[in-house]
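Undergrad: I'd like to ask you about the structure that follows.
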Amino acid sequence: MLALKTQHINKYFYEPVAFQALKDLSFEVKKGEFLSLVGKSGCGKSTLLYILSTMDTDYEGTLEINGEILTGKHYNELAHFRNEHIGFVFQFHYLLPEFTVLQNVMMPALKLARYQRSEIEDRAYAKLKLLGIEAQAGKKASKLSGGQQQRVAIARALINDPAIIMGDEPTGNLDSANTQVVFEIFRELTTKYQQTIIAVTHDDEFARNSDRIIEMKDGIIIRQ
Amino acid sequence: MKILFEIAKTQMLSRSRQTLIATLGVTFGIGMFIVLVSFMTGVNILLEETMLSATPHIRIYNDIAVQKTSIVNEYAQTQNNINLIHHIKPKNEKRNLKNGLLMVENISKDAEVLGVSPQVSTQVFYNFGPIQMNGNIVGVNIFAEDKLFDLKSKMQAGKIENLLTAHDAILMGTGLAKKLNLNVGDKVTVSTPDGTLKLLQVVGIFKYGIGAIDDFRSYANIATVQKILKEDTRYITDINIKLKDYYQAKSIAKEYAQKFDYKIEDWETANATILVSFTLRNIITYATSLTLLIVAGFGIYNILNMTIYEKMRDIAILKAQGFAGRDVLGIFMIQALTIGILGGFSGILIGFLLSLWISTIPFDSGGFLAMDTFPVNFSPRYYIIGLVFGLLTTTFAGYFPARRASKIDPVEILRG
Ligand SMILES: Nc1ncnc2c1ncn2[C@@H]1O[C@H](COP(=O)(O)OP(=O)(O)OP(=O)(O)O)[C@@H](O)[C@H]1O
Ligand SMILES: [Mg+2]
């Protein structure tokens with residue numbers, strides 16, 4: 001069963017000069033697969049991930065997730081889809097600085113409103129515990145270190161039990177011990193809960209230990 | 001969506017100073033609107049009431065006018081003549097309303113009419129030693145007149161009933177009495193235009209608070225004035241009418257104009273210039289206070305624009321997590337409306353308290369108007385207008401920045 005499928009994806013930038021960032025990308029990702037996306041800086045990994053996450057709709061080609069074609073859908077519909085099915089960890093671990101760690105993690109779940117508030121709070125707390133930062137739950141997000149913030153962002157990405165978790169260097173700010181923790185969590189999510197992971201990484205060991213590697217260069221896939 | 005309220009609340013609290021300032025802007029705008037309008041309409045109402053307290057809603061009288069056509073023209077029209085007539089003068093006509101008493105009876109049957117007072121009025125000179133003072137005497141049925149103008153409440157000395165018991169008695173305007181140095185019980189000689197002299201006794205002194213009346217008018221019984229003018233008991237010069245609803249005066253006056261062949265004047269026409277000044281004052285008031293509200297609106301527009309500019313990244317994160325454009329719109333509209341509602345209600349409160357305070361400030365109108373303090377109108381209407389307009393302004397001022405926020409493209413922001 002396929003979790004994600006792309007067909008002939010092209011992406012152009014017009015500023016400052018016309019430039020094709022992604023060239024005819026077609027690939028499939030199976031459900032429960034742990035995929036690493038690698039390649040040199042500037043090869044188009046983040047650009048691709050924004051398209052896969054449905055946030056960027058300005059591209060050519062088609063994107064299909066869970067058998068549903070998302071290309072051409074209205075952005076309000078896509079927002080709801082993201083909320084329910086996609087967890088995203090940014091390259092620069094963005095949290096809302098005025099809210100507490102716990103509030104940050106709860107927010108996508110409160111938006112989805114699948115569970116009662118008290119239950120959401122318990123679940124958020126459990127995710128924080130999973131990543132070893134439950135002690136920070138009551139702190140303002142802006143008061144955390146870079147690595148702590150990144151782990152909170154991962155916890156937030158997991159809160160709605162999304163079908164796909166996309167991470168743009170999700171362990172980029174973590175020491176090797178914590179990178180190992182996150183890797184184990186991702187591994188367990190894929191095997192135990194059949195969730196799919198697509199992670200951009202510069203960490204060779206991380207990539208090697210994942211199920212599959214897609215390597216990009218100058219906007220094309222050179223290995224998958 | 002509760003989460004939208006939570007986000008809005010956190011954002012507002014984390015920039016509480018700006019929020020407070022924007023709220024105070026609305027408070028000030030609505031408060032001043034209420035104070036200005038309450039005060040201005042208070043003044044207008046006082047002036048209108050003062051005016052109406054002495055002006056009949058409808059007055060019927062015989063307007064002496066120069067005839068447009070002359071007998072010569074009527075006669076010579078058929079011939080091919082040209083008649084040149086210079087400087088036509090009015091005939092020696094009596095100023096009375098023929099069948100006046102019949103008209104009174106007729107009018108008093110009208111369901112719209114509250115009271116009718118037939119009068120005989122005449123110019124007189126009040127003799128004060130060697131000096132003669134210009135004025136007039138109005139012969140009335142004093143109870144009918146009281147029904148129209150609440151004379152009893154305007155008596156400064158004596159009672160209106162004295163007019164009935166005493167012989168050849170008058171009630172005199174306070175200004176006139178002061179000038180003539182007269183008190184209740186004193187006597188004064190008046191002379192009519194045709195030279196008749198009459199000795200009258202002052203049995204009461206009234207004050208309307210309007211110089212044009214208090215300095216010139218005296219009241220007497222109809223019969224007394226008819227006697228001075230050497231006319232019979234059917235001689236009536238004016239009919240004053242009070243209506244149940246004085247805003248109907250214009251249309252009823254029109255109706256009467258078709259029934260009776262005399263000059264019918266409603267109070268609005270008689271006081272057109274004063275009413276125009278009311279309108280102008282209202283326009284200025286509304287213009288000033290609406291400007292205040294719009295300035296407050298700019299305050300809200302400004303703070304939301306600034307918030308959105310600073311929170312661009314947060315908005316992108318929210319969208320990345322699945323908050324739709326309309327959720328973001330909602331978050332910022334909630335902020336605008338919270339400011340609007342808080343500012344609106346505190347504005348109403350401030351407006352009310354300020355109005356209350358103004359209404360206690362002593363003001364001396366020099367005796368021209370019946371007031372001791374500033375007049376303030378506490379009609380709830382202006383509070384509702386202020387609130388509604390304040391909310392409209394904030395909604396409007398909030399909508400444009402909020403819509404801009406809802407359209408932010410998250411990828412563009414997050415790509416850095
Ligand atoms: N908004 C943009 N406008 C123009 N060009 C862009 C824009 N964003 C990215 N690019 C270009 O597209 C290419 C791919 O960028 P992208 O951010 O996807 O690289 P990346 O593989 O994520 O790199 P890194 O590993 O450093 O994060 C780069 O050459 C970059 O300069
Ligand atoms: Mg990148």
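The values are calculated or read from the model by the stated rules, or taken from the named source; none is laboratory data. Note that this is a predicted model, so its numbers are computed, not measured. Cβ: placed from backbone, ideal geometry, glycine included. Neighbour counts: every protein chain shown. Heavy atoms of the whole protein, side chains included, go into the accessibility calculation; ligands, DNA and RNA do not. Shrake-Rupley method; radii C 1.70, N 1.55, O 1.52, S 1.80 Å.
Undergrad: Please find, within the stretch A:1-41, the residue that is surrounded by the fewest Cβ atoms within 10 Å (Cβ to Cβ) out of those that are more than 11 Å from ligand 1 (Cβ to nearest atom) and outside any strand (DSSP E or B). Steps first, please.
TA: Step one: filter the stretch A:1-41 for residues more than 11 Å from ligand 1 (Cβ to nearest atom), giving A:1-10, A:23-36.
Filter again for outside any strand (DSSP E or B), leaving A:1, A:31-33.
Values: A:1: 8, A:31: 15, A:32: 18, A:33: 20.
Ranking the qualifying residues of the stretch A:1-41, first place goes to A:1.
Undergrad: Working carefully through the options A:114, A:151, find the one that is at pLDDT below 95 and surrounded by 23 or more Cβ atoms within 10 Å (Cβ to Cβ). Let's see the steps before the verdict.
TA: On the way: A:114 fails: surrounded by 23 or more Cβ atoms within 10 Å (Cβ to Cβ).
Answer to the check: A:151.
Undergrad: Then there is this: Name, by its number, the condition in (1) near ligand 1 (Cβ under 10 Å from one of its atoms); (2) within 14 Å of chain B (Cβ to nearest Cβ); (3) more than 19 Å from the chain's Cα centre (by Cα); (4) not β-branched (Val, Ile, Thr) that does not hold for residue A:44.
TA: Only one criterion is unmet by residue A:44, namely (3).
Undergrad: Test residue A:101 against the criterion of being of a type outside the set (Lys, Arg), under 27 Å from residue A:183 (Cβ atoms) and modelled with pLDDT of 95 or more, and give yes or no. Can you show your working first?
TA: Working: of a type outside the set (Lys, Arg): yes; under 27 Å from residue A:183 (Cβ atoms): yes; modelled with pLDDT of 95 or more: yes.
Yes.
Results for (1) touching an Asp or Glu at 6+ places or on another chain (Cβ under 9 Å); (2) surrounded by 14 or more Cβ atoms within 10 Å (Cβ to Cβ), shown as yes or no for each residue.
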{"residue": "B:192", "(1), (2)": "no, yes"}
{"residue": "B:195", "(1), (2)": "no, no"}
{"residue": "B:201", "(1), (2)": "yes, yes"}
{"residue": "B:205", "(1), (2)": "no, yes"}
{"residue": "B:208", "(1), (2)": "yes, yes"}
{"residue": "B:220", "(1), (2)": "yes, yes"}
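Undergrad: Hey, residue A:180 hits all of (1) without any contact (Cβ under 8 Å) to a residue 24 or more places away in the chain; (2) part of a loop (DSSP other than H, G, I, E, B) but one; which does it fall short on?
TA: Going through the list (1) without any contact (Cβ under 8 Å) to a residue 24 or more places away in the chain; (2) part of a loop (DSSP other than H, G, I, E, B), residue A:180 breaks only (2).
Undergrad: Which members of the stretch A:56-66 meet the condition of being under 16 Å from the mean Cα position of the chain (by Cα), open to solvent by 30 Å² or more (accessible area, probe 1.4 Å) and among the β-branched types (Val, Ile, Thr)?
TA: Result: no residue meets the conditions.
Undergrad: Grab the helices (runs of 4 or more DSSP H) fully contained in the stretch B:109-185, keeping just those with 3 or more residues being assigned by TED's automatic domain parsing to the domain that holds residue B:221, open to solvent by less than 80 Å² (accessible area, probe 1.4 Å) and at pLDDT below 90.
TA: Qualifying helices (runs of 4 or more DSSP H): B:142-149.
Undergrad: Specify the residue that is nearest to ligand 2 (Cβ to nearest atom); the eligible residues are those in the stretch A:188-224 that are open to solvent by 60 Å² or more (accessible area, probe 1.4 Å) and part of a strand (DSSP E or B). Don't jump to the end; show me each part of the working.
TA: Going residue by residue through the stretch A:188-224, those that are open to solvent by 60 Å² or more (accessible area, probe 1.4 Å) are A:188, A:191-194, A:202, A:204-205, A:208-209, A:211, A:217-218, A:220, A:222-224.
Retained after the next criterion (residues that are part of a strand (DSSP E or B)): A:217, A:220, A:222-223.
Values: A:217: 14, A:220: 16, A:222: 17, A:223: 18 Å.
The qualifying residue nearest to ligand 2 (Cβ to nearest atom) is A:217.
Undergrad: Given the structure, is residue A:137 away from ligand 1 (no atom under 16 Å from the Cβ), out of contact with any strand residue (DSSP E or B) (no Cβ under 6 Å at 6 or more places or on another chain) and in contact (Cβ under 8 Å) with a residue 40 or more places away in the chain?
TA: No, not satisfied.
Undergrad: Can you tell me which residue within the stretch A:45-55, out of those that are touching a residue at least 40 places away in the same chain (Cβ under 8 Å) and open to solvent by less than 10 Å² (accessible area, probe 1.4 Å), is nearest to ligand 2 (Cβ to nearest atom)?
TA: Checked the stretch A:45-55; the qualifying residue nearest to ligand 2 (Cβ to nearest atom) is A:49.
Undergrad: Next question. Of everything in the stretch A:67-109, what is facing chain B (nearest Cβ under 7 Å), open to solvent by 10 Å² or more (accessible area, probe 1.4 Å) and over 19 Å from the mean Cα position of the chain (by Cα)? Give them in sequence order.
TA: The answer is A:76, A:98.
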